[in-house]
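Undergrad: One structure follows; several queries about it will come next.
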Amino acid sequence: KRFFICFETIEYPNEEKEKRNMKKILTMLLIMTMAVSVIACGKKEEVSTETTVYEDGAVIGEGGKSFEFTVVNMAGEEATFEVKTDEDTVGAALLENNMIAGEDGDYGLYVKTVNGETVDYDKDGKYWAFYINGEYGMTGVDATDIVEGDSYAFKAE
């Protein structure tokens, strides 16, 4: 003799509807989370909006390290400063003393304003070029360590 027991799952119409609705809700939450992530990654963080304007020859800041910093503006006028700081990078020292402003970008700090003058590539096709000892910088200002005796410059180009 054989006995077979058969179990059958009975789903009620409301349960099936609830499962479909739950799947839709979870899908929408996933899409919204991904959209927020993409938008947040694309935003650039503003570092600051204004800078202090220093006169040519000024000694700026305080600290155990110092370096020469030159600014050549859009009119070709040159101003040279002595910057003193305890920071490790040129960018941190200039930000600390409110000499530069910009925004964090994919490649580090994108400098838009130097010593009170804003240069906007989108408007005038110019940008602030960073120089180390008279040579075009191969690192960004925020990634350049301060080396005693070196000089640094921003030139509007």
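Every number here is computed from the coordinates shown, using simple stated rules; none is lab data. Quick caveat: nothing in here was measured; it's all calculated off a predicted structure. All Cβ positions, even for glycine, are placed from backbone atoms using ideal geometry, and neighbour counts span all protein chains on display.
Undergrad: Please find the FRET efficiency linking MET74 to GLU148, where r is the Cβ-Cβ separation and R0 is fixed at 22 Å, and quote it to the nearest 0.05.
TA: Approximately 0.10, to the nearest 0.05.
Undergrad: Give me the aspartates and glutamates in straight-line cross-link reach of LYS65: C-alpha distance below 19 Å, same-chain residues under 8 apart excluded.
TA: Output for LYS65: GLU82, ASP86, GLU87, ASP88, GLU96, ASP142, ASP145, GLU148, ASP150.
Undergrad: Given the Cα-Cα distance of LYS23 and LYS65 and 0.36 nm per residue of separation, how much length would full extension add, in nm?
TA: On the way: separation 42, 0.36 × 42 = 15.12 nm, distance 6.07 nm.
Fully extending the segment from LYS23 to LYS65 adds 9.0 nm.
Undergrad: Select from the range 62-136 those chymotrypsin sites (Phe, Trp or Tyr not before Pro) which occupy a DSSP coil region and have at most 13 other Cβ atoms within 10 Å, ordered by residue number.
TA: Working: sites: PHE67, PHE69, PHE81, TYR107, TYR110, TYR121, TYR127, TRP128, PHE130, TYR131, TYR136; in loops: TYR107, TYR127.
Of the chymotrypsin sites (Phe, Trp or Tyr not before Pro), the ones in loops of the range 62-136 whose Cβ has at most 13 other Cβ atoms within 10 Å are TYR107.
Undergrad: Could you check what % of the DSSP bridge pairs in the range 65-152 are antiparallel, to the nearest 5?
TA: Antiparallel bridges: around 90 percent, rounded to the nearest 5.
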